[in-house]
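Take a look at the structure set out below.
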Amino acid sequence: MELDEKRLHRILKITCYHPDKKSTIINILDKARQKKGLDLEEVGFLVNLADRELIDGLFDVASRIKFEIYGERLVFFAPLYISDFCINDCEYCNFHIRNKGLVRKKLTLDEIEDQTKFLIDMGHKRILLECGEDPVNNTIDYVVDAIEKIYATKTSKGNIRRINVNIAATSVENYHRLKQTKIGTYQLFQETYHRETFEELHRYPKKDYTRQITTHERAFEAGIDDLGLGVLFGLYDWRFEVLGLVSHAQYLDKEFGVGPHTISVPRFCPAPTVTYKPAYPVSDSDFLKLIAILRLAVPYTGMIISTRETPQIRRIAFRIGISQASASSVTTVGGYNQNNLKSQPQFEIYDERRLGEVIDDILEDKFLPSFCTACYRVGRTGERFMDLAKPGEIHHFCRSNGILTFAEYIEDFATDGLYERGYEVINHYLNQIDNEEIKNQTLLRLKKIKQGKRDIYF
């Protein structure tokens, strides 16, 4: 992957001349409705869009595409930080090597088990495993052992069914090791696609721009076919970053026949020892606009939002493109049961609500909370997933599986009226299953869940 920065800047310049020419924008939105994606020039017109009426039209199309492909579901997960040891010096991250006041922590396997039990008993079924880059403390053996420990951990409320992984760029051999542990998606963010900015903000191993941008190719070579992209918005012009993300997604799709399984949209957040001030801060309105644009440009991909954002922003984002969200997150090592009170967070978060509160809130908007992991476990990954996602067929499986996993959550965790409100939403979407056989099978599975059966899926 070699990003043509000159081309992206040229597109931004050309499309800035008449960014609000109504007929051009309307034609782009009409094309986007076909759910085939957009070319870079069309994305350029949208990132330069300023007309309020046309932006409302952009949001309407993004919302329609999101619901036609991913439906009403919102898939929840939680990050699990297992080590904040790191040899890198990233200006925006509190785990940077210059942070001498940070009492570094690497969880033992017993501590990983304790953290996992806490997350299970909170209601989570999906984890994003995170750790810093440190060849001594955070070896691939340690990561593999951690994954195996998480999968082996069980409580009376169940177990973690899928682990996605966010670790530093590494070798084909190490990615092959990860593949063997049956991970879900491997995520790695470019942070910024602007090479000069990337090299200014990073020191030590992560300073290698080429190593970072070619990581997904090595992971794919090792057999990992569910890959996640992302940038940290605020480091450089968000319009350029959106073009970079779309360009990267198109490259992966063309080169390997498999585009990104997910695109994450984190925005810079302060941290205790981070003095860096974002050179290109992204306003709330631009942040929501870029989410909508990405939904149009890469319609088949899952889009992830974290607890970096406020509940208010997340609520809007859920409607216009986001299909996955973290909830009840902590960004400290050992932070879920407060065993490591001396630890510092990687960054501040702005949605501190418990998982149950987030679920209660989205039910008001008729979203269906989901903890589904079925696609990973039956092999609907990579090309098989794309064959279903691109034409918008994936929701035929996802609606029923979302219903079943939410029913599990209701039966095991619902309090204070959530049981009744939850089943109102479930019944609402049961009636929207148009395949009678799938609907009947879903009803039979729901009956088994109420009788105590768990982990049933299509």
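The values are calculated or read from the model by the stated rules, or taken from the named source; none is laboratory data. On a predicted model such as this, the values are computed, not experimentally measured, just so you know. So basically every Cβ, Gly included, is an ideal-geometry build from the backbone, and we count neighbours across all protein chains shown.
Per the conditions (1) assigned to a loop (DSSP other than H, G, I, E, B); (2) within 28 Å of Phe385 (Cα to Cα), the sole criterion not satisfied by Phe85 is (2). Here Asp51 does not fit the description of being in contact (Cβ under 8 Å) with a residue 40 or more places away in the chain and acidic (Asp, Glu). Please determine whether any residue of region 298-309 is in contact with an Asp or Glu (Cβ under 6 Å, 6 or more places away or on another chain) and not assigned by TED's automatic domain parsing to the domain that holds Ile28. Yes, region 298-309 contains at least one residue that is in contact with an Asp or Glu (Cβ under 6 Å, 6 or more places away or on another chain) and not assigned by TED's automatic domain parsing to the domain that holds Ile28.
Residue pairs whose Cβ atoms lie under 7 Å apart, sitting 6 or more positions apart in sequence or on different chains, and linking a residue in region 86-114 that is closer than 15 Å to Ala152 by Cβ to a partner that is among the charged types (D, E, K, R), are Leu109/Asp145; Leu109/Lys149; Ile112/Lys149; Glu113/Lys149.
On inspection, Val75 passes the criterion of being under 23 Å from the mean Cα position of the chain (by Cα), in a strand (DSSP E or B) and either of a type in the set (Asp, Glu) or crowded, with 22+ Cβ neighbours inside 10 Å (or both).
Would you confirm, using the coordinates I've provided, whether Arg353 is surrounded by fewer than 21 Cβ atoms within 10 Å (Cβ to Cβ), over 17 Å from the mean Cα position of the chain (by Cα), not in a helix (DSSP H, G or I) and not β-branched (Val, Ile, Thr)? Full working, then the answer.
Details: surrounded by fewer than 21 Cβ atoms within 10 Å (Cβ to Cβ): yes; over 17 Å from the mean Cα position of the chain (by Cα): yes; not in a helix (DSSP H, G or I): yes; not β-branched (Val, Ile, Thr): yes.
Against the criterion (surrounded by fewer than 21 Cβ atoms within 10 Å (Cβ to Cβ), over 17 Å from the mean Cα position of the chain (by Cα), not in a helix (DSSP H, G or I) and not β-branched (Val, Ile, Thr)), Arg353 qualifies.
Looking across region 190-204, the residues that are touching a residue at least 60 places away in the same chain (Cβ under 8 Å) and crowded, with 18+ Cβ neighbours inside 10 Å come down to Glu191, Tyr193, His194, Thr197, Leu201, His202. For Arg73, the conditions (1) under 30 Å from His396 (Cβ atoms); (2) without any contact (Cβ under 8 Å) to a residue 24 or more places away in the chain; (3) of a type in the set (D, E, K, R) all hold with the exception of (2).
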